[in-house]
Amino acid sequence: MEEIVDFLKKCGTYYLATVEGDQPRVRPFGTIHIFDGRVYIQTGKSKDVSKQIQANNKVEICGFTEGKWVRLAGELVRDDRVEAKASMLDAYPSLKDRYSAEDDNTEVLYFKNATATISSFTDEPKIVKF
């Protein structure tokens, strides 16, 4: 799990895919964090991406760096605990001008039933489940 988070942090920007009805939606993301033994991302509840995740929590992330890419597929679960939100915002202090651990908009979500695959054109894929 730590290897996957470290990989995505090296990417800087990764891409999160959701579904809206029968239409795939992909957008850049940058938050990835481990809290309480789980991998978390962060967004705002007012955004379309949050609504898409609540309607269908199956998502996939893809990031690329140094000739390798990772695909992380799984289900996202909302965690409304102030401690989870605060941990994410402490890891990404630049978000604190837009989000707060106590507001009703900040949303942190953790992966469950996740499978990550690290691939390249030269090495065998490496699969990590958590």
> Of LYS96/LYS129; LYS9/LYS126; LYS85/LYS112; LYS9/LYS45; LYS51/LYS112; LYS58/LYS126, which sit over 25 Å apart, Cα to Cα?
Replying inline: LYS96/LYS129
> According to the square roots a ≥ b ≥ c of the eigenvalues of the Cα gyration tensor, what is the shape class of the range 52-94, taking rounded for a/c under 1.5, prolate for a/b larger than b/c otherwise, and oblate for the remainder?
Replying inline: oblate
> Which percent of the accessible area of the chain is formed by carbon and sulfur heavy atoms (probe 1.4 angstrom)?
Replying inline: 49
> Residue separation times 0.36 nm, minus the C-alpha to C-alpha distance between SER119 and VAL77: what's the value?
Replying inline: 12.5 nm
>> Suppose accessible area is computed on protein heavy atoms with a 1.4 Å probe; arrange LYS10, LYS51 from highest to lowest.
In response: LYS10, LYS51
>> If I fit a long axis through the Cα atoms of helix 82-91 and take the longest principal axis of the Cα atoms of the chain, what angle between them do I get, 0 to 90°, rounded to 10?
In response: 60
> Counting only heavy atoms of protein chains, what accessible area per residue, in Å², does the chain have with a probe of 1.4 Å?
Replying inline: 55
>> Just to confirm my numbers, what's the Cα centroid distance between the range 110-130 and the range 45-91 in Å?
In response: 16
>> Can you give me the long-range amide H partners of THR31? Hydrogens built in the peptide plane at 1.01 Å from N, cutoff under 5 Å, separation of 5 or more residues or another chain.
In response: GLN42
>> Sort TYR15, TYR99, TYR92 by heavy-atom solvent-accessible area, probe 1.4 angstrom, most to least.
In response: TYR15, TYR92, TYR99
> Using helices alone, what [θ] at 222 nm do you get for the chain, with -39,500 (n - 2.57) per DSSP H run of 4 or more residues, divided over all residues and rounded to the nearest 500?
Replying inline: -6000 deg cm²/dmol
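The values are calculated or read from the model by the stated rules, or taken from the named source; none is laboratory data. A quick note: this is a predicted structure, and the numbers were derived from the prediction, not measured. We work out accessible area using only protein heavy atoms, side chains counted, and drop any ligands, DNA or RNA first. Shrake-Rupley method; radii C 1.70, N 1.55, O 1.52, S 1.80 Å.
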